Amino acid sequence: MKEEEVMFQAPPRLLMGVVFLFWGAMQEQALAGLIAAIVFEARHWTTLRWSFGEKGFARAWQLSLLFLLVSAVGVFQIEDRDPTDFLVVLGWLPFILMPSGLAQQYALDRGMPMTTFSFIARRKLAMDRKMGRSVQTRPFQLGYPFLVLVLICAGIGVNDLTLYSVGVVILLGVALYRMSQEGRRPIAWAFAYLVAAVLAVGMAYGVISVYDYVMRVTSSGRIADNPDLSMETRTNIGQVTDLQQNKSIRWRYYVEAGERPERLRLAAYNWALGSDWRAKLRARDYLEEIAPEREAGGDFEKLLPAGEQAYAFDEADVDRTDFTISGRLVGLLRSQSIIPMPLGTKRVGEIEAGNVASNSMGTTQVNQAEHGAASIRLSADAGVALGDHDPSDRDLEVPPHEEVGIDGFLEEMGWDGLSLGEPPWVKAPPVISEEESKELVHRLRREFATEFKYSTFSDYSRSAKPISDFLNEQQVGHCEYFASATTMLMRRIGVPARYCVGFVIREKGADENEWILRGKHAHAWCQIYVGGTWRQERGDRKLEWRCRGGRWIEVDLTPPGWLDERPDRWFQGIADWFQKFRTGAILWFAGPVVSTAINWVLGLSGGGLVIYLMVKLIVTGRRGEDFAKDSWDERVRTRNSFQSFERWLSKRVGLRPAAMPMSSWLRNHLPAGEQGLAEQYEAVVFGGERDEEKLSALQQQLLRVRKVMGRQKKLRRREPPESLEREIR
């Protein structure tokens, strides 16, 4: 096999290392990128090499596929998985396929056979050889394809198209330049680089667009299906979700001071669209405009720093310590997670994150969480719920196609006082006091408790009028329908209302003051705004009615007994213990003393490895300097199997004496008919002739001699000496 037949060249020194560092920068995994860069580039500084051959490369590829399969199975084991979990696996694909990349990097072989990647092709190759047919395999250098794979995976989850595109263009340009031949023409290379740059930008745009599309599709689902999605702005009234039937523990809440909250809210929504509830963003030109320094992306606004690892919603609460309610929320976190909180939460403490942000609906997210678990202290004031922004006339809107059905339900109840017209209102909407709201809530609760039935086997999501059908026809539904109907009825009466999702606190834990939040505790309810004064505020575009000076309160009219109290699964106790142990272990490792110790150990180990590799680089130099890649000596060294043959023969006849030449040792121990192997070895290695055919013939002769000697050893075991003598002759 000639060297020129190898498909692709090996990447130059340092290029793969720089590409892995680029991956680490884009994925915010600097340590992993640094380790991979050192491991890949160490092949230029050490003399460690292995001759893998066809079987070795095939085993490395099979090991890579095994890692990929284990990763995929691990994602499928996640109970609340979503497409972003699979994207995370794709982002780490270079590390999953690392066995194949390292096998190529540290191989004496110039390239792996193309048959490595196909089981069928390898089987056919073996059959052809068994039948004596001539076969040829074309080597394939994996370096540059692996480099492109790392660049693609570096863009998964990246939001900065400009930075990623610039990095890809530069690195692909360097790779293209080094792949070209020595006699390159500047104009031709410049044109090729321009084409590569366009393709690189297109690749970068495609990778980021695909990721964004998956994120948008995922975010359009119900928040109950995936409550940890930080940018969730939409939920749905329809079938009961898998999460609501799941008994896995999502959070643990510990009461530290004051009363226990009834509910912990994840998100609120103010815009009904068909069977969907969405969060309509705040009006930026009114009072709620986000200051530039507090911008956190989208409708989210960073909370104010309130000491070390603490954040406050309002400047008046930054230095406060006299909150009437204090509790601790413990659970697992993603890099961006929505956290459930009481409605009146004023301060979030003891959480290590880049920042904590909240949107105009009161949804609070943790950005860039430093660990996979958190123990968050939530401080609130009993009876005071001012965290959400004041309502606008949007919080009084009822979809036109639902108005007739809702009005009919209220009239049948004997309700009089429907004073709202079509928005925008010429005059201020009515104001409902807290006392009046209690009467409204009491009447609706009595109606729902006596005339309606709770059931998880109802779905009106395909109906054009899901709320009207629920109120006037079926009168059967689950919490999403009761919460949506309450919101619409309150709005039609004249009370600003929003739809909320989160968890109820019902299950007592084993520890003192511990409460368990499982998936089955996921719930939906309504919050209404009472008191205050309506007034018109002028923005840059239009007038809008705003209600100021009141407060939000929670209203839950789902009939009692909705919570499923079916017996736990037999292994539920084990699952609960494991979840608690896992969370506690992460928090323990994240503690200041332990995390500092781990960082020191990792830092010293990494530094020692870098120093060792630098010393090896200085002392030993590059092994390849002693052998030109295209020289006869290099080909004899890489394709000469006498080293492995000598080890094989030594196990049978003993070690070769240090002063005995290889040819003499072979003559003493080879069978009578194979003595020519010693002369053949001398002619190839020391004869001065540079004959590729003789080198290949020597390789084949070594394999044949091993088979003959192995067969003779088996005959000695089975037959008497005279039979063995006849076989040898």
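Quick one: is Ala37 surrounded by 18 or more Cβ atoms within 10 Å (Cβ to Cβ), without any contact (Cβ under 8 Å) to a residue 60 or more places away in the chain and of a type in the set (Gly, Ala, Ser)?
Numbers: surrounded by 18 or more Cβ atoms within 10 Å (Cβ to Cβ): yes; without any contact (Cβ under 8 Å) to a residue 60 or more places away in the chain: yes; of a type in the set (Gly, Ala, Ser): yes.
Taking the combined requirement at face value, the residue satisfies it.
Out of all the residues in segment 461-477, which are more than 16 Å from Glu447 (Cβ to Cβ) and either surrounded by fewer than 23 Cβ atoms within 10 Å (Cβ to Cβ) or at pLDDT 90 or above (or both)?
Across segment 461-477, the qualifying residues are Ser461, Arg462, Ser463, Ala464, Lys465, Asp469.
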Quiz item: Just for segment 314-344: of the residues that are buried (at least 19 other Cβ atoms within 10 Å of the Cβ) and assigned to a loop (DSSP other than H, G, I, E, B), which one is nearest to the chain's Cα centre (by Cα)?
Solution: Leu333
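Here's a check for you: in segment 451-505, which residue that is basic (Lys, Arg) and under 36 Å from the mean Cα position of the chain (by Cα) is nearest to Gly561 (Cα to Cα)? So that I can check it myself, show each step before the final result.
Step one: of segment 451-505, the residues basic (Lys, Arg) are 453, 462, 465, 491-492, 498.
Next, from what is left, pick out any that are under 36 Å from the mean Cα position of the chain (by Cα): 462, 498.
Working: Arg462: 27, Arg498: 24 Å.
Among them, the one singled out is Arg498.
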Quiz item: Within segment 103-136, how many residues turn out to be more than 11 Å from Ser51 (Cα to Cα) and either modelled with pLDDT under 75 or basic (Lys, Arg) (or both)?
Solution: 11
Quiz item: Within segment 23-57, which residues are in a helix (DSSP H, G or I) and charged (D, E, K, R)?
Solution: Glu41, Arg43, Glu54, Lys55
Exercise. Say whether the condition of being farther than 15 Å from Trp277 by Cβ and among the hydroxyl-bearing types (Ser, Thr, Tyr) is met by at least one residue in segment 460-475.
Key: yes
Self-check item: Tally, over segment 123-147, of residues that are exposed (fewer than 11 other Cβ atoms within 10 Å of the Cβ) and assigned to a loop (DSSP other than H, G, I, E, B)
Solution: 5
Exercise. Restrict the check to segment 86-97 and report whether at least one residue is surrounded by fewer than 20 Cβ atoms within 10 Å (Cβ to Cβ), touching a Leu at 6+ places or on another chain (Cβ under 6 Å) and modelled with pLDDT of 85 or more.
Key: no
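Looking only at segment 263-296, filter to residues that are in a loop (DSSP other than H, G, I, E, B) and closer than 17 Å to Ile339 by Cβ; which one of those is modelled with the lowest pLDDT? Lay out the reasoning, then the answer.
Within segment 263-296, the first condition is being in a loop (DSSP other than H, G, I, E, B), and the residues that meet it are 270, 274-275, 279-291, 296.
In the following step, the residues that additionally are closer than 17 Å to Ile339 by Cβ were identified as 279, 296.
Values: Ala279: 82, Ala296: 76.
Only one residue tops the list, namely Ala296.
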Practice problem: Take the residues in segment 492-511 that are of a type outside the set (Phe, Trp, Tyr) and part of a strand (DSSP E or B), then tell me which one is surrounded by the most Cβ atoms within 10 Å (Cβ to Cβ). | Solution: Cys500
Quiz item: If we keep just the residues of segment 345-360 that are outside any loop (DSSP other than H, G, I, E, B) and free of Cβ contacts under 8 Å to residues at least 60 places away in the same chain, which is farthest from Ala382 (Cα to Cα)?
Solution: Asn355
Quiz prompt | Residue count, segment 512-532 (criterion: under 18 Å from Pro261 (Cα atoms) and assigned to a strand (DSSP E or B)) | solution = 12
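The values are calculated or read from the model by the stated rules, or taken from the named source; none is laboratory data. Remember, predicted model here, so these are calculated numbers, not experimental data. Reconstructed Cβ throughout: ideal geometry from the backbone, glycine too, with neighbour counts over all protein chains shown.
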